[in-house]
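Note sheet for the following structure.
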Amino acid sequence: MYKHLCRLCGDDVPTNRWNLGIKLCMLCGEEHAKKRKHTIVPMHKSNYILVTDMDLLTGVNNKGGLVK
């Protein structure tokens, strides 16, 4: 049986995880996930927006529109 190896440390990656497109083991995947940061903010009289860039937060919830 073919073994799937983690791209960072070389440990075994379960086949189900590999088939989902996740090429990192659980430990390396958790460390990688901790480096990513995002938040969800409400828009005025609208839906929520996913923010992955801090520049998007500048004036995002003002009634007059985007203020920089």
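Just so it is clear, none of the values below were taken in a lab; they were calculated from the coordinates. Treat the numbers as computed from the prediction; the structure is a model and nothing was measured. Cβ coordinates were reconstructed from backbone atoms using ideal geometry, including for glycine residues, and neighbour counts include every protein chain displayed.
Here are a few things to note about the model shown:
For every residue, the table says whether it meets (1) surrounded by 10 or more Cβ atoms within 10 Å (Cβ to Cβ); (2) among the aromatic types (Phe, Trp, Tyr); (3) touching a strand residue (DSSP E or B) at 6+ places or on another chain (Cβ under 8 Å); (4) over 30 Å from Leu57 (Cα atoms).
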{"residue": "His4", "(1), (2), (3), (4)": "yes, no, yes, yes"}
{"residue": "Thr15", "(1), (2), (3), (4)": "yes, no, yes, yes"}
{"residue": "Trp18", "(1), (2), (3), (4)": "yes, yes, yes, yes"}
{"residue": "Cys25", "(1), (2), (3), (4)": "yes, no, yes, yes"}
{"residue": "Gly29", "(1), (2), (3), (4)": "yes, no, no, no"}
{"residue": "His32", "(1), (2), (3), (4)": "yes, no, no, no"}
{"residue": "Lys35", "(1), (2), (3), (4)": "no, no, no, no"}
{"residue": "His38", "(1), (2), (3), (4)": "no, no, yes, no"}
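- Among the residues of the range 17-49, those identified as aliphatic (A, V, I, L, M) and outside any loop (DSSP other than H, G, I, E, B) are Met26, Leu27, Ala33, Ile40, Val41, Ile49.
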